[in-house]
Amino acid sequence: MGNPVVHFEIIGPDPDALRRYYGELFGWSFDTPSPVAKEVSAEDQYGFLTPTETSGRAGIPGGVGGGKGYASRASFYVGVPDVEAALENGERLGGKRVMGPAKNPNGKIVVGHLTDPAGNLIGVAGPK
């Protein structure tokens with residue numbers, strides 16, 4: 001496999017309700033608030049989910065957030081070494097940049113969003 005899926009995200013206008021829903025549905029618990037780029041979620045409305053191993057299976061990390069004015073979506077992020085380069089390459093291949101690069105408040109993660117030629121939203125994440 002080339003670059004792996006490293007994160008998933010569920011965003012909507014009522015992130016508290018989404019976290020309650022997914023918490024009850026799948027037994028997930030969230031570290032809220034978690035730092036995230038304002039382009040992704042309203043400040044203090046994002047909760048990270050750290051995967052735990054269950055029955056010998058581990059998942060990938062994720063997050064649930066959003067807030068008023070954030071469109072509902074579920075997406076995944078692919079790990080890349082350079083977000084800007086990945087966004088440019090995605091555009092060259094027929095996709096459209098939606099957002100980014102954007103840094104989270106601690107500056108350790110850079111993210112971007114693009115749509116593929118069919119209009120599906122995907123994310124890319126990396127150190128720069």
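The values are calculated or read from the model by the stated rules, or taken from the named source; none is laboratory data. Computed from a prediction, not measured in an experiment: that's the story for all the values here. Positions of Cβ are backbone-derived with ideal geometry, glycine not excepted, and every protein chain shown enters the neighbour counts. To get the accessible areas, we keep the full protein, side chains included, count just its heavy atoms, and leave off ligands, DNA and RNA. Shrake-Rupley method; radii C 1.70, N 1.55, O 1.52, S 1.80 Å.
The table for this structure:
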{"read-out": "Potential extension, N3-R92 segment - 0.36 nm per residue separation minus Cα distance", "value": "30.2 nm"}
{"read-out": "Carbon and sulfur %, accessible surface of the chain computed with the full protein complex present, 1.4 Å", "value": "55 percent"}
{"read-out": "Residues R20 and D82, FRET efficiency given R0 of 30 Å [Cβ-Cβ distance, rounded to 0.05]", "value": "0.25"}
{"read-out": "Average projection area in nm² (convex hull over Cα atoms of region 1-55, one quarter of hull surface)", "value": "5.1 nm²"}
{"read-out": "Computed over the chain, Cα set: Rg, Dmax in Å", "value": "14.5, 42"}
{"read-out": "Solvent-accessible area per residue, Å², over the chain with all protein chains present [probe radius 1.4 Å]", "value": "58 Å²"}
{"read-out": "Under 12 Å from the N120 label point (7 Å along Cα→beta-carbon), backbone N, region 65-97", "value": "75-77"}
{"read-out": "Placed amide H near G62: partners under 5 Å, 5+ positions off or other chain", "value": "F8, L49"}
{"read-out": "Members of K38/K103; K68/K96; K68/K108 lying beyond 20 Å, as alpha-carbon distances in this model show", "value": "K68/K96; K68/K108"}
{"read-out": "Helix-only CD estimate at 222 nm, as mean residue ellipticity for the chain, using -39500 (n - 2.57) per DSSP H run (n ≥ 4)", "value": "-5000 deg cm²/dmol"}
{"read-out": "Region 107-114 - phi-based ³J(HN,Hα) in whole Hz, Karplus 6.51/-1.76/1.60, Gly and Pro as x", "value": "x, 8, 10, 10, 10, x, 10, 8"}
{"read-out": "Relative contact order of region 32-128, pairs being alpha-carbon contacts under 8 Å that are 6 or more residues apart, as %", "value": "25 percent"}
{"read-out": "Cα-centred dipole magnitude for region 1-48, charges only on beta-carbon of K, R (+1) and D, E (-1), debye, nearest 20", "value": "140 debye"}
{"read-out": "Unit charges on C-beta of K, R, D, E only; dipole of the chain, Debye", "value": "120 debye"}
